[in-house]
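J.: Take this structure first; my questions come after.
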Amino acid sequence: MTTAPAAVPEVRSLPLTAAQSGMWYAQRLDPDSPAQNTAECLEIRGPLAPVLFAEALHRTVGETDALRVRIEETPDGPRQFAIDIEPPGHGFPLHAADLRDQGDPSAVAYAWMRDDLARPLDLATGPLFRHALFQVGDAHWLWYQRVHHIVLDGFGYALVARRAAEVYRALAAGGDPGPSPFGRLGALVTEDAAYRASEACDADRAHWRAAVADRPEVPGLAGRTALPQRTFLRQTARIDTGLTGRIEELAGEVRATWPEVLMATQALYVSRATGSFGVVLGVPMMGRMGSAALRIPGMVMNVVPLRLHVTPATTFAELTRQVVLGIRAARRHQRYRYEDIRRDLGLLGEGRALVGPLVNVMPFDYGPDFAGAPTEAHNLSAGPVEDLTVNVYDRGDGAGLRIDHDGNPALYGQTELAAHQERFLELLGRIADSDPHLPLAAHSLPTAAERTAVVEEFNRTARPLPPTTLIGPIEAQAARTPDAPALVDGGQTLSYAQLDGRANRLARYLVSRGVGPGTVVALALPRSAGLVVALLAVLKAGGAYLPLDPDYPAQRLRYMTEDAAPVCAVTDVPGRLPDTGLPQIALEGLDLSGHPGLTPPRALTPQHPAYVIYTSGSTGKPKGVVVPHAAIDNRLRWMQDAYPLGAGDRVLQKTPSGFDVSVWEFFWPLREGATLVLAAPGGHKDPAYLARLIREQAVTTCHFVPSMLQVFLAEPDAARCTGLRRVFCSGEALARETAQEFARLLPDVPLHNLYGPTEAAVDVTYHACRPGDAGPVPIGRPVWNTRLYVLDPALAPCPPGIAGELYLAGGQLATGYLGRPALTATRFVADLYGPPGTRMYRTGDLARWTADGEIEYLGRTDHQVKLRGLRIELGEIEAALAADPAVSAACALVREDRPGDQRLVGYVTAADGQDPDPEALRRRLATALPDHMVPGAFVVLDGFPLSPNGKLDRAALPVPESTAGEGRVPRSHQEETLARLFAEVLGLPSVGVDDAFFDLGGTSLLAARLVTRVRAALGTDLTIGTVFQAPTPAALATALGAGDGGADDALGVLLPLRAHGDRTPLFVLHPAGGISWCYSGLLARLGPRQPVHGLQARGLARDEELPTTMEEMAADYAAQIRRVQPDGPYRLLGWSVGGVLAHTVAVLLQEAGARVELLALLDAYPSDQWRDQAVPDETDALTALLRMAGFERGGELTRADVLATLQREGSALAGLSGRTLSAAVDIVINNARLMRAHDHRVFDGDVLFFTAAAPRAEDWLTPGAWQPYVRGTLQRHDIDCLHPQMTQAPHLDTIAARLAARLEELNG
Amino acid sequence: MTRTSPFDPTESDSATHLVLANALGERSLWPCPVAVPAGWAAEYGPASYAACLRYVESEGR
C-alpha cells in the first residue's frame, strides 16, 4: 500500500472505459433520468466526529480520480475531464444534518435520501457524487453516498468506503492516514483500451460467440421485455443465519460456494417460471483481471451470460456443478463487454434479450471501521434494472444475507416482486433441506399456500350427477312436451313429438343396418331438419356420430371414412360422398314407414362414445376424438345450471357439425324444451343474414367465434338483435375490444367467454364478461367435475401469475384418439393431482392462474394455431405442401403483419430442377385440405432462414410480396379515396385501382374495417357484402358511385371485370337481373393472368328497348364478345339465366364456325324445365331482385318499397339509382318470359356444371335436362349451397378451384 | 417462445420415459424423473421416447 500515486502522471482528460461508454450512451438516451444513480447508506453505531468525517471524505475523494471528473462529448467521443472538488464547508457535496429532534429521525433521513436519489446528476458539470451525514441518535449516524454508476462500480464503492474509514481512523487517532493506496484512473483507462486492442479480446470474443450463438430464448419471468425505466421496484428480505448456515453446508457438500448455490437456485426458479430447460442468467463480474486494477476505484464492471441446462432429471448437485464450471470459464473472459456480445449477435434492437434475470452476489467484506464503531451497510440503488435483478449482500457482519429483488416497474408490480421473492426463499429453504443428488423434478415453485390454492381450492368443482347419456334427456323432454316446437328450419317447424318420431323410425332402420352402442355412423348432410333427425337417430340407435362436411376434398373425406371405419353413412341425397365401399343411406327417397316411431331398445351406457370429431393433426393427418356420453352429458348439465334455458328460449344452430361447438347448439335446447333454430347452409358466414335471422326467429341464444363476432358487430343490424338473452364466445382468444364493442351495441345481453378443446367435451372453463373490466378476457373457472392444472416442464404446478401449460382433468375428458394409442398416451397422461388412476389432457395451451382462480389464456406452446376459430396444425399443411413433387421443403405460418389480421402463408423451396407455381400449389392443396387450411399466399424461397443453432427461424420468414400498387391510375376522386383506404386497411404503401382486396391479403375482418372507413370517408352506406362483390377500388367506386349518375360503364353491355391478362378471356353472362358484378369474386380466385369480361343486359345504363327473343339477346352478346376476342376458342360461363344465355351464345358461336372450349353453367336449367312454370309477375321479380342483393323479402309490397329497401339497407345494389333498379325489375320479368319461349339447339362439347345442391323448393330442377342439348359430357359438381349463394364465398372458392383447374388444362 | 414439455418427442436415444398403465388398461407416457402418480404403474421402460411410443402402438392395437 505504498505505491506512490504519482507513478502515473495525472492527465487532465481521459477517454472513457468501455463500461463507461455503455453508460454514457444509455444516459444520453434520457439525460434527465436518475436511473444510473447508485447509492448506499452506512449505518454507524458509535461516536463519530462530523468534522473529522468530512475531512476524511474530502481526502478520500481527493485520492479517487474517478470521483473527480465531469464527462462531456468531444469530437473524439465522450471524455472525462478532471475537476476540482472544494473542501468541506466551501462547496464539498456533503449534506450534514442533526435529526435527533425529529420524531422519527431515521425516517426523515431516508425520505431525504429517496428524494435525493430521484434527482439526476449532470454529467457535463459534475461532481458525480454526493454525500450526506445524518445524526439520528446520540451514537447513531447514517452516511449516505450517491454516485453516478458511470464513475464507480460496486467494487469501487467498497474501496472508497474502506479508505474513508481508514483515513477517519488515522485522523481520529491524530495520526497520518499515509499515502493513498489507490492506483490512477489513467492506468485503468489505459489497461481497458489495451485490452480492447489485444489478442485476448479477440479470443474472448470468439469464446462468447461460441458460447451463446445457439443460446435459448430468454423470455424473462414476466414473459415480455421492456426498456429500463427511470426507477425500479425493490423487495427486500433477509436470509437468516440459520438458513445461511444450511446453504453454506450444502455448498460444501456439492463443492461450491454459497453464491453458486444461490445462482443454481435462481436458475431452477427461472427454468420453471419460463417453462424452458435452457436458462441464461446474467452475472455481474468485477471486470478486473490484474492486480493494478484491483487497487483502482472506477467503473469497469461487466455482466456476462451464464448458460445452464436445467431439466427435471438434473440433480441440484449437477446444476451447481454447471454453475461452478460456467462461472470459472466466464471469469476468464469477463472483460469482454456485455454490449459487445449483444452487438456480435445482432441483438441491439429492443426486445431481444441476451440474458434473463441477473444474479448479483456481493460478498464484499465492506469492513469500514470508523474508529471502532460498528457499521452496517444498506444498498439503496444498484443501478438500472432491465428485467429482474436479484442482489445478494453479505456484509460480513454476521447478520446473515440480505436479498433484494429489484424489478423493472414496466414488467413487475410490487406484489409480484414480493411473490417471486417469497417463493425463491421457500425454494431455497427446501433445497437446503433436501438431498442435492435427487432429480430437480422433486422441486416446485409455489409456496405451500399457493399450491393448495391452484391444485385444490380453484378446482373445487365436484358435483354428483345421474349416469345419463346425451340422448336420454332429449327423449324424456319429448315425452314431457310433445307438442312444443323443437326445431325451426326455414319455413318448417317440427314439434318434439314429430322430431322424436322421425328420429325413432330412422334409428330403428339404422339398428337394422348394424348400428348399436360402440359403432360409428358417418353423417354427411347440409344443415337441415334432416341432419338433426339423423343426429338423434344415430344416438337413439346407440351409435356415435361422425360428422363429415361434404365440402371437404374427396381425399380427406376418404381418409376420414377409412380411418373411423363407420358402419354406414347417412346422407341427404345419393352420391353425396365419394364411393369408398361404405354403405351410404340417402334420406331422400328412403321409406321408413315400416319402422315404428318408438324409441328403439339399446344397451347404451354413459361410457359409450357419443360422437367422433376430427381435428387437425400435427403429423399431417387429422385425428378422430372419441367423446363418451358421460363427458358431453356433464358439459350440457353444467351449461343448463349456469345459463338456464327455458321453454321460451330459441337457440341458433349455425356452427358446422364438424366442429364441436355445434354439439351444444344441437342438443342443449332439445334437452330443455327450448327450440332449435337452424341457419341456412352457408348462412353462418353471412353477418347480415345472421342478424336478420336472429331478429326474425326471435333467437335468444347463440354462439360466435370472436373474429366472427367482430364481423357481426360491424353489421348495422347487429345492435337491433335485442331479443338475445345470452351470447357465447369460444374458439379463439376473445379480445377485450370485441367484448366492449358488444357491450356498447347490446348492453343488455350477457356475453360469456368459454374455452375448451374437442378432447374435453367442448368447453371446460367459463367467464362472464363485465362491461367495466379491462385487460385480457380470462377464459375463467373450471366447469363441474373438472380440474385445471397449469404445470411447468417438470409437471409441477405453477403459482398464480406464472405461465405454464394448461392440463385438464375430470369427467369431460375424451376417451382418446380413434385408433391412435401412441398419440393418446402422449396427450392423455397420468394425472398427478387427481384421484388415483385418472388421466389429464395436455392442451398445448399456455395459460396462467389469476390470484382469484381464473385462467388467462396466453397462446400456444407449439405450432398449432387457430385461424378464425378453426384449429389448424401447421404440420398438416406443411405435409401437404411437401407432398408436391415441385417442393423440396415447406413451412406454413400464420402471420399477423397487421394487428388483428391473421393470415395463413405457405413457404416452400423448390425441388431440384423444379419451379413451384403458387397457383398450382393452391390448387393442389385445395384438393387435399379443407378451405380454412389452404394458405392465402404462397412464397417460394431459395432457402429457409435459419437461426444460429441451425433451426428454422420462423420469425425471419419474409412477408409475402404483393403486386399491389401498380396498374391503372385512379380515374375519379372516389377511386383515389378508395385506393387509399384499401392501402390503409391492408397496411400497404399503395394499392392500385384494379387490385382486388382479397388478393392483397384482405380478410372478412379487414373488410369490416374497410366498410367503416369508407362510410366515414365517403358518407356512403355499404356492407361487407359489397366488398365481396366489388373487391377492387375501381369496382367499389363503381358500385358506390353508379347511383350518383356518374360514369355508368359498370352498367354497360360489356363490363371488363378484368380487361388485361395473357390468358384466353373468360366471358361471364349475367343472371336474371342483367348485372354481372356478381362474378367479380372470380377475379381474385382465378388469378391476375385471367381476363374476365361480363355481359350485361341492355336497358340498365340507359333507356333502351329490351330484346324480344333469347336468340336476339344472345346474338347481340356474341357480337360483343367478338369485339373483345375476334376469334376462338371461346370460354363462356353463366349463372342462372346467364347459363341459358351462355349455352345459346356458345351454340351461335359454333354455328358461325368458332371453337368454344369451355362452357361452364352455374345452376342453370334449360328452357324446357321452365316452360310450364308461370312467368314471374312483378312481385316475383321484386323478390328475385331482393335475393340478388342478399335479402329475403319482408314487408315490401310495391316496387317502390323494394327499391327503398335495396337502397336503404345497402348491398351490392345499394348504390344504384331508382331508375336502374326499376329497369332491373323489368329485365328480370323480360328474361323469364324470353327463356320460356326459347328453343335450345345442341352444343357440341362438354359442359362443366355446378349444382346448388342444398334442398330447395324447385325440386324438379335437374341438370340432366341439359342432356338433349349437349353432345359431350355433363360434368357435375355439387356445391352445398342455395342458388343465390353460388357466387359467394366459400362456395365460389370451390367453383373457382374447379374452374381454374379446367382453365389450366386448357392453357396447357 | 420455446417451452419444453416432458411429453414432447425427443431425438435422444437415452432412456428418458416410461409407459404407465392404470386399472382400466389406459396407458400414459411418463417422464422418468417425475414420481409415478398413484393408481398407475410402470408397464414398460425406462426407454427412449420413440421406443415407448412404439410399445404403446403395438400393444394398443
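J.: Looking at B:GLU57, is it facing chain A (nearest Cβ under 7 Å) and either aromatic (Phe, Trp, Tyr) or crowded, with 21+ Cβ neighbours inside 10 Å (or both)?
T.: Considered against the rule, which asks whether it is facing chain A (nearest Cβ under 7 Å) and either aromatic (Phe, Trp, Tyr) or crowded, with 21+ Cβ neighbours inside 10 Å (or both), B:GLU57 comes out as no.
J.: List every residue pair whose Cβ atoms lie under 6 Å apart, where the two residues are 6 or more positions apart in sequence or sit on different chains, the first residue falls within the stretch A:237-252 and is farther than 21 Å from A:HIS378 by Cα, and the second residue, located anywhere, is aliphatic (A, V, I, L, M).
T.: So the pair list comes out as A:ARG246/A:ALA432; A:ILE247/A:VAL261; A:ILE247/A:ALA432; A:LEU250/A:VAL261; A:LEU250/A:ALA432; A:ALA251/A:VAL261.
J.: On to the next question. Of the residues that make up the stretch A:505-519, is at least one in a loop (DSSP other than H, G, I, E, B) and either of a type in the set (A, V, I, L, M, F, W, C) or within 30 Å of A:ARG781 (Cβ to Cβ) (or both)?
T.: Checked against the condition, which is being in a loop (DSSP other than H, G, I, E, B) and either of a type in the set (A, V, I, L, M, F, W, C) or within 30 Å of A:ARG781 (Cβ to Cβ) (or both), the stretch A:505-519 yields at least one hit.
J.: Restricting to the stretch A:1113-1163, and then to whatever is free of Cβ contacts under 8 Å to residues at least 60 places away in the same chain, hydrophobic (A, V, I, L, M, F, W, C) and in contact with a strand residue (DSSP E or B) (Cβ under 7 Å, 6 or more places away or on another chain), can you tell me which residue is surrounded by the fewest Cβ atoms within 10 Å (Cβ to Cβ)?
T.: Selected residue: A:ALA1154.
J.: Moving on to the next point. Which one of the conditions (1) surrounded by 24 or more Cβ atoms within 10 Å (Cβ to Cβ); (2) modelled with pLDDT under 95; (3) under 37 Å from the mean Cα position of the chain (by Cα); (4) among the small types (Gly, Ala, Ser) does A:ALA267 fail to meet, given that it meets all the rest?
T.: Every listed condition holds for A:ALA267 apart from (2).
J.: Separate question: Which one of B:ALA47, B:ALA21 is more than 10 Å from chain A (Cβ to nearest Cβ), in contact with a strand residue (DSSP E or B) (Cβ under 9 Å, 6 or more places away or on another chain) and at pLDDT 95 or above?
T.: Values: B:ALA21 fails: more than 10 Å from chain A (Cβ to nearest Cβ).
Criteria check complete, one pass: B:ALA47.
J.: From the set of residues in the stretch A:814-833 that are closer than 22 Å to A:SER444 by Cα and at the interface with chain B (Cβ under 7 Å from one of its Cβ atoms), which is nearest to the chain's Cα centre (by Cα)?
T.: So, considering only residues that are closer than 22 Å to A:SER444 by Cα and at the interface with chain B (Cβ under 7 Å from one of its Cβ atoms), the one nearest to the chain's Cα centre (by Cα) is A:VAL829.
J.: Does A:ILE296 fit the bill of being surrounded by fewer than 23 Cβ atoms within 10 Å (Cβ to Cβ) and aliphatic (A, V, I, L, M)?
T.: no
J.: I want to confirm something. Restricting to the stretch A:834-854 and keeping residues that are β-branched (Val, Ile, Thr) and either under 27 Å from B:ALA21 (Cα atoms) or touching a Leu at 6+ places or on another chain (Cβ under 6 Å) (or both), which single residue is farthest from the other protein chains (Cβ to nearest Cβ)?
T.: This residue is A:THR843.
J.: Additional query: Across the stretch B:4-18, which residue is modelled with the lowest pLDDT among those that are out of contact with any helix residue (DSSP H, G or I) (no Cβ under 8 Å at 6 or more places or on another chain) and within 7 Å of another protein chain (Cβ to nearest Cβ)?
T.: B:THR4
J.: Looking only at the stretch A:234-245, count how many residues are assigned to a helix (DSSP H, G or I) and either more than 13 Å from A:LEU427 (Cβ to Cβ) or not assigned by TED's automatic domain parsing to the domain that holds A:GLN322 (or both).
T.: The total comes to 4.
J.: Does A:ALA273 fit the bill of being in contact with a Phe, Trp or Tyr (Cβ under 9 Å, 6 or more places away or on another chain) and buried (at least 20 other Cβ atoms within 10 Å of the Cβ)?
T.: no
J.: Further question on the same structure: If I ask for residues that are more than 16 Å from the chain's Cα centre (by Cα) and among the polar types (S, T, N, Q), which ones from the stretch A:715-754 would you list?
T.: A:THR722, A:GLN740, A:ASN753
J.: Residues in the stretch A:309-319: is at least one at pLDDT below 95, under 30 Å from B:SER5 (Cα atoms) and more than 14 Å from every other protein chain (Cβ to nearest Cβ)?
T.: Within the stretch A:309-319, not a single residue is at pLDDT below 95, under 30 Å from B:SER5 (Cα atoms) and more than 14 Å from every other protein chain (Cβ to nearest Cβ).
J.: So which residues in the stretch A:435-462 are away from chain B (no Cβ under 14 Å), surrounded by 14 or more Cβ atoms within 10 Å (Cβ to Cβ) and assigned to a loop (DSSP other than H, G, I, E, B)?
T.: A:PRO436, A:LEU445, A:PRO446, A:THR447, A:THR461
J.: Need pairs with beta-carbon distance below 7 Å; first residue within 16 Å of A:ASP176 (Cα to Cα) and within the stretch A:44-69, second surrounded by fewer than 24 Cβ atoms within 10 Å (Cβ to Cβ) and among the polar types (S, T, N, Q); sequence gap 6+ or separate chains.
T.: Filtered contacts from the stretch A:44-69: A:GLU63/A:SER180.
J.: Return the residues of the stretch A:33-88 that are of a type outside the set (D, E, K, R) and closer than 15 Å to A:ALA158 by Cα; say none if nothing qualifies.
T.: A:THR38, A:ALA39, A:CYS41, A:LEU42, A:LEU57, A:THR60, A:VAL61, A:THR64, A:ALA66, A:LEU67
J.: I'd like to know if the stretch A:93-106 contains one or more residues that are of a type outside the set (Ser, Thr, Tyr), within 29 Å of A:VAL189 (Cα to Cα), outside any helix (DSSP H, G or I) and touching a residue at least 40 places away in the same chain (Cβ under 8 Å). Spell out how you get there, then give the answer.
T.: The initial filter retains those residues of the stretch A:93-106 that are of a type outside the set (Ser, Thr, Tyr), namely A:93-105.
Restricting the remaining residues to those that are within 29 Å of A:VAL189 (Cα to Cα) gives A:93-94.
Keeping just the survivors that are outside any helix (DSSP H, G or I) gives A:93-94.
Keeping just the survivors that are touching a residue at least 40 places away in the same chain (Cβ under 8 Å) gives A:94.
Scanning the stretch A:93-106, I find at least one residue that is of a type outside the set (Ser, Thr, Tyr), within 29 Å of A:VAL189 (Cα to Cα), outside any helix (DSSP H, G or I) and touching a residue at least 40 places away in the same chain (Cβ under 8 Å), so the answer is yes.
J.: Here is a follow-up. Looking at (1) within 17 Å of the chain's Cα centre (by Cα); (2) away from chain B (no Cβ under 14 Å); (3) surrounded by fewer than 23 Cβ atoms within 10 Å (Cβ to Cβ); (4) modelled with pLDDT of 85 or more, which one does A:GLY869 not meet, given that it meets all the others?
T.: Failing condition for A:GLY869: (4).
J.: Of everything in the stretch A:855-866 that's touching a Ser or Thr at 6+ places or on another chain (Cβ under 8 Å) and away from every other protein chain (no Cβ under 14 Å), which residue is farthest from A:PRO945 (Cα to Cα)?
T.: Filtering the stretch A:855-866 for residues touching a Ser or Thr at 6+ places or on another chain (Cβ under 8 Å) gives A:855-856, A:861-864.
From what is left, the residues that are away from every other protein chain (no Cβ under 14 Å) are A:855-856.
Working: A:ILE855: 36, A:GLU856: 33 Å.
Checking each candidate, the answer is A:ILE855.
J.: May I ask you to list the residues in the stretch B:24-44 that are under 27 Å from A:HIS443 (Cβ atoms) and within 7 Å of chain A (Cβ to nearest Cβ)?
T.: B:SER28, B:LEU29, B:TRP30, B:PRO31, B:CYS32, B:PRO33, B:VAL34, B:PRO37, B:ALA38, B:GLY39, B:TRP40, listed by residue number.
J.: Could you check the stretch A:876-895 and list, in sequence order, the residues that are in contact (Cβ under 8 Å) with a residue 60 or more places away in the chain and under 16 Å from A:LEU921 (Cα atoms)?
T.: A:GLU876, A:GLU878, A:ALA879, A:ALA880, A:CYS891, A:LEU893
J.: With A:ALA132, A:ALA111 as the choices, which residue is surrounded by fewer than 19 Cβ atoms within 10 Å (Cβ to Cβ) and either of a type outside the set (S, T, N, Q) or in contact with a helix residue (DSSP H, G or I) (Cβ under 6 Å, 6 or more places away or on another chain) (or both)?
T.: On inspection, the qualifying residue turns out to be A:ALA111.
J.: If you don't mind, another one. Filter the stretch A:559-599 for residues that are in contact with a strand residue (DSSP E or B) (Cβ under 8 Å, 6 or more places away or on another chain) and acidic (Asp, Glu); which is surrounded by the fewest Cβ atoms within 10 Å (Cβ to Cβ)?
T.: Only one residue tops the list, namely A:ASP563.
The values are calculated or read from the model by the stated rules, or taken from the named source; none is laboratory data. As the structure is a prediction and not an experimental result, all values here were calculated from the model. With ideal geometry, Cβ positions are generated from the backbone for all residues, glycine too; neighbour counts draw on all protein chains shown.
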